[in-house]
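Every number here is computed from the coordinates shown, using simple stated rules; none is lab data. As the structure is a computational prediction, the values presented were derived from the model and not from experiment. Virtual Cβ from ideal backbone geometry, glycine too; neighbours counted across all protein chains shown.
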Amino acid sequence: MGIDTAKVEVTLGDLNALQDKKRAAEQELADAKTLITELELRGDDSVEKKLSDALNAAIIVVQFAVANLEPLAFRGWPFEALRELAEALPHLPGVHDRVKEISNTLVVFAARAADWEDARARGVEQEKFASENAAMGAISLPES
């Protein structure tokens, strides 16, 4: 014959104190779980490190594209995605400082690509080309 129920009398103050201790213990447990997850992510084979390495490698590809795929010659530049990436770079953990430094260059390039896409959409691509060509001609060396 075992005891199936028990009756305990607790003052309201003691009950509140127990509930506060329970909440504090639950918060401490949640904090510990978060810390464990963060520490696991920081290891050499961690997801965070792999993502960081992948992002740093992808930036090399982005730099190549920006240097070699001129918006006037290539339609459909994903300038919005480039702008989002450029704006996020300085705030991302695990990104090399040299990568963070190029974010302004990428923002400027994205704006240029957006201008070209807008000119194409409005049907004034030839006029934009002529005006850019004239501007470049104004600073070119005289022919011999």
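As a check on your grasp of the helix formula, calculate [θ] at 222 nm for the chain: sum -39500 (n - 2.57) over DSSP H runs of n ≥ 4, divide by the residue count, round to the nearest 500.
On the way: 6 runs with 101 residues, N = 144.
For the chain, the value works out to -23500 deg cm²/dmol.
Across the chain, the convex hull enclosing all Cα atoms gives 271 Å³ per residue.
When each of the peptides 12-21, 106-115, 61-70, 75-84 is scored by how many other beta carbons lie within 10 Å of its residues on average, the order from highest to lowest is 106-115, 75-84, 61-70, 12-21. With contacts taken as Cα pairs under 8 Å at a separation of at least 6 residues, the range 1-108 carries a relative contact order of 20 percent. Selection among L51, V8, T34 by position relative to the dipole of the chain gives L51 as farthest towards the positive end (Cβ unit charges, Cα centre).
Each of H91, H96 was scored by other Cβ atoms within 10 Å of its Cβ. Arranged with the fewest first, they read H91, H96.
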